[in-house]
1. In the stretch 156-177, which residues are surrounded by fewer than 16 Cβ atoms within 10 Å (Cβ to Cβ) and in a helix (DSSP H, G or I)?
2. More than 21 Å from TRP74 (Cβ to Cβ) and aliphatic (A, V, I, L, M): is that true of LEU147 in this structure?
3. For LEU82, state whether it is closer than 14 Å to ALA38 by Cβ and surrounded by 15 or more Cβ atoms within 10 Å (Cβ to Cβ).
4. For the stretch 46-96, give me the residue count where each residue is over 17 Å from the mean Cα position of the chain (by Cα) and under 19 Å from PRO19 (Cα atoms).
5. Out of the residues in the stretch 154-187 meeting the condition of being over 18 Å from the mean Cα position of the chain (by Cα) and not hydroxyl-bearing (Ser, Thr, Tyr), tell me which one is nearest to TRP74 (Cα to Cα).
6. Please give the number of the condition PRO45 fails out of (1) more than 26 Å from GLU157 (Cβ to Cβ); (2) surrounded by fewer than 17 Cβ atoms within 10 Å (Cβ to Cβ).
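Nothing in this text is a laboratory measurement; each read-out follows from the coordinates by a stated rule. Please read all numbers here as calculations on a predicted model, not as lab measurements. Using ideal geometry, Cβ is built from the backbone for each residue, glycine included, and neighbour counts are taken over all protein chains shown.
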Amino acid sequence: MTVGAIILAAGAATRMGAPKQLLRYQGKTLIERCIWQALEARLDPVVVVVGAGAREIRAAITGQPVEVVENPAWQSGMGSSLNAGMRGLAETGAELKAVAVLLADQPRVLAEHLSAMRQLLQAGSVPAVAALYSGGLGVPAFFSRELFGALAGLPPEAGARQLLRGSGLQVAAYPLPEAAVDIDTPEDFARLQETREGEDAPVQG
């Protein structure tokens, strides 16, 4: 199954006070780490959607085997970035069976999780697989080709979560408490850095 990925990295990170995509954790920026996990999970092509701080983020990932798409309407909401990402995937010409939607600020989401979710989608009979954490479904999430139109057509202010939770869509849940660790504030990042040394060692490179 050929599966692409959209990494959403367009937000302004106002609560962090700096581009959180460029924070360094275990030797990589958060955006580099997310790209690395996607590639390790054999997701291809990988499209990174940038918006706020686009120039700095582009510079930080120069040379990475990804397509970078700028969303000039990033302030209108995550749906606009998903739309930009779907357009970017279409422009690659890849014949995809599914797409994964990832966030740059979930550093505890690893390649092994993404691979397991991909296998669950491939083996199952439902059109979507989503992470289950904090009492609900969210991203990372995998969507089969039949849902590409719905993803691309989300309202600008909506995100993939709206499709997962409110549309009557059949979704396979993949328990992933690690996805609850997202980085929005300096305090969040400080807690992340307190993670035990080497905890993610099996998938580090």
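1. Answer for the stretch 156-177, where residues must be surrounded by fewer than 16 Cβ atoms within 10 Å (Cβ to Cβ) and in a helix (DSSP H, G or I): GLN162, ARG165, GLY166, PRO177.
2. Spelling it out, LEU147 is indeed more than 21 Å from TRP74 (Cβ to Cβ) and aliphatic (A, V, I, L, M).
3. Judged against the criteria, LEU82 is not a match.
4. 10
5. PRO155
6. So the condition that PRO45 fails would be (2).
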